[in-house]
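Asks: Okay, handing you the structure first.
The values are calculated or read from the model by the stated rules, or taken from the named source; none is laboratory data. These numbers come from a predicted model, not from an experiment. With ideal geometry, Cβ positions are generated from the backbone for all residues, glycine too; neighbour counts draw on all protein chains shown.
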Amino acid sequence: MANRREQRIDLGGSGCHGEPVFNIFTDYLQPESCTTAAQVATRISLLAPPTNDGNKLWEFLDYLWSSICKFAEQIPHDNIAQDKLVDAILELMLLPDTGIDIWCMHMWEDLPLLYAAFSEHINLFKYSDFENIQLELDKEWIRFYAFGARLTAADVFSHTLPIAMVSKALEGRKKPCSSRKLNRDLSTAAVCIDYAGLVLVEELASNPHPVPDDDNEIEGGPLFKGKPGLTLERWLFWEKRFPEEAEKATTSEAKELALRAARSMKIWRETRLEGI
């Protein structure tokens, strides 16, 4: 239900990402570009070392995925360039089999090391004592999770990533936190619903009583006492909590995103979860 917008974006200097990858994506991600996602995937594949040497492949993939992560955090969550970035990753998966594996993962079909790089990027997010700098870092955080939610919607990542973020924002606080952190986490949870919500509701509709799974189980936070995993009880809890937290938000963007997420969840519940 998200509204995408086309707007030219500034991806910063090539020193952030390395010249080859930077040049490929700088052209592709602009709204006036005629470059296709398939062409991007082909050009990226030509940069990969044609070898089964695990170390060289690891270095290349680490460089590629970390570059893409840096691009994602610079693109506003509602900019169509985020969709284009996901399209390029999907095209990488469709490249012909190279016969090269890295740690039992096919190159490119399995996107080896992508999720590891994504998780590491989350862990490496910086914090600042300066309010203006921290606000910019918070924007990057929201953008990055929106990208992750899109990858979930594209079936590249599992649904655990958006569930974990929404859980953190809506289930995890008994004590008040700073307004800045509340705005950031609430906005991040809302964009997770905006871009991955349909996938989540379809998962819930097909599996309303999930069996505990050590790999995919997301326990509830202190405020949610229901069963782990994605359940109707949890969905209803989130639907109720978004407007409650929106009342505490101190920015119009956080408030609007949260209320939008709550409306979307209500519509999807009424249209897709009837009878469960």
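Asks: Has the range 84-98 got any residue that is under 18 Å from residue 138 (Cβ atoms) and not assigned by TED's automatic domain parsing to the domain that holds residue 195?
Replies: no
Asks: Another one. Looking at (1) surrounded by 20 or more Cβ atoms within 10 Å (Cβ to Cβ); (2) of a type in the set (A, V, I, L, M); (3) at pLDDT 95 or above, can you tell me which one residue 232 breaks?
Replies: Condition (1) is where residue 232 drops out.
Asks: Test residue 59 against the criterion of being more than 19 Å from residue 124 (Cβ to Cβ), surrounded by fewer than 16 Cβ atoms within 10 Å (Cβ to Cβ) and free of Cβ contacts under 8 Å to residues at least 40 places away in the same chain, and give yes or no.
Replies: Judged against the criteria, residue 59 is not a match.
Asks: Here is a further query. Out of curiosity, is residue 95 within 13 Å of the chain's Cα centre (by Cα), under 21 Å from residue 50 (Cα atoms) and not charged (D, E, K, R)?
Replies: no
Asks: Can you tell me how many residues in the range 73-132 are out of contact with any Lys or Arg (no Cβ under 8 Å at 6 or more places or on another chain) and in a loop (DSSP other than H, G, I, E, B)?
Replies: 23
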